[in-house]
Structures are given as structure tokens and as C-alpha cells.
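The block underneath contains the structure these notes are about, expressed in C-alpha cells.
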Amino acid sequence: MALNKADILCVFGVKGGIGKSIISMNLAGICSRLNKRVLLIDADLYGGSIAVALNKPVIKTIFNFVDDYNNNRYKNINDYIINYNEQIDYIVAPIDLLDNYRIYYEE
């Protein structure tokens, strides 16, 4: 399979603890070794672990994106992307479990 500029790979599973994050991070690493730019999006709202595994400071998460977008504060997607290295960027799932619920249930 040859990856093109805009190819999307999705790792999905409904059960927790089956290795979605590890597989995703390994795929990102493989793609980066092939000189492909990678945007890793951790959309596991109830058990996202990519932020912890990559050990980088988290300033904004998917929750911040959704909240800013819904309240007309969204300016640029790059405000929510964290750089890991030259090839890999990522967006993390909310760290606070309460933010996960607020994405679905607005007050």
C-alpha cells in the first residue's frame, strides 16, 4: 500500500485496552520513517493515552477545539496541534474526564 499525501489511517475498537494507542503510535513512527508527515489524533474520549505515552506538555485538547469552535473562538487548527518531532504532530484527547462529557452534553 503506497501512502499518498492525504491518506487517512484509522485504528478503531470499542473495547478499551486492546492496543489502539500503541498501534497508532507505531504506525505514526513507521510513516515518519518513510518521510511522511503524520497528524496523530487521539479521539478516544474515555481512555486516550497518547498524551501520556508521548510525554509532552498538553495545553489544548480536542475538548478545547470543540469548545472554541462552538463558541466562535476558533481561529486556526494549528492552535490545537502539538509537535512531537519533524514528522509527527498530534492532537490529544481530553485529560479531564469531565471535559469528555461536556463535549457531548452542553450545559
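Quick rundown of the values:
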read-out	value
Pairs, first more than 13 Å from M25 (Cα to Cα) and among the polar types (S, T, N, Q) in the range 77-88, second open to solvent by less than 60 Å² (accessible area, probe 1.4 Å) and in a strand (DSSP E or B), C-beta under 8 Å, six or more apart	N83/D89
Subset tally (residues that are within 10 Å of V92 (Cβ to Cβ), open to solvent by 40 Å² or more (accessible area, probe 1.4 Å) and in a loop (DSSP other than H, G, I, E, B)) for the range 45-70	5
The range 33-44, subset assigned to a loop (DSSP other than H, G, I, E, B) and open to solvent by less than 100 Å² (accessible area, probe 1.4 Å), residue farthest from D96 (Cα to Cα)	K36
Condition check for I88: under 20 Å from G19 (Cα atoms) and modelled with pLDDT of 90 or more	yes
Tally of residues being part of a loop (DSSP other than H, G, I, E, B), touching a residue at least 12 places away in the same chain (Cβ under 8 Å) and touching a helix residue (DSSP H, G or I) at 6+ places or on another chain (Cβ under 9 Å) across the range 6-32	2
Among residues of the range 71-83, those that are aromatic (F, W, Y) and either open to solvent by 80 Å² or more (accessible area, probe 1.4 Å) or farther than 16 Å from D99 by Cβ (or both), counted	1
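The values are calculated or read from the model by the stated rules, or taken from the named source; none is laboratory data. Fair warning: this is a prediction, and the values are worked out from it, not measured in the lab. All Cβ positions, glycine included, derive from the backbone under ideal geometry; neighbour counts span all protein chains shown. We work out accessible area using only protein heavy atoms, side chains counted, and drop any ligands, DNA or RNA first. Shrake-Rupley method; radii C 1.70, N 1.55, O 1.52, S 1.80 Å.
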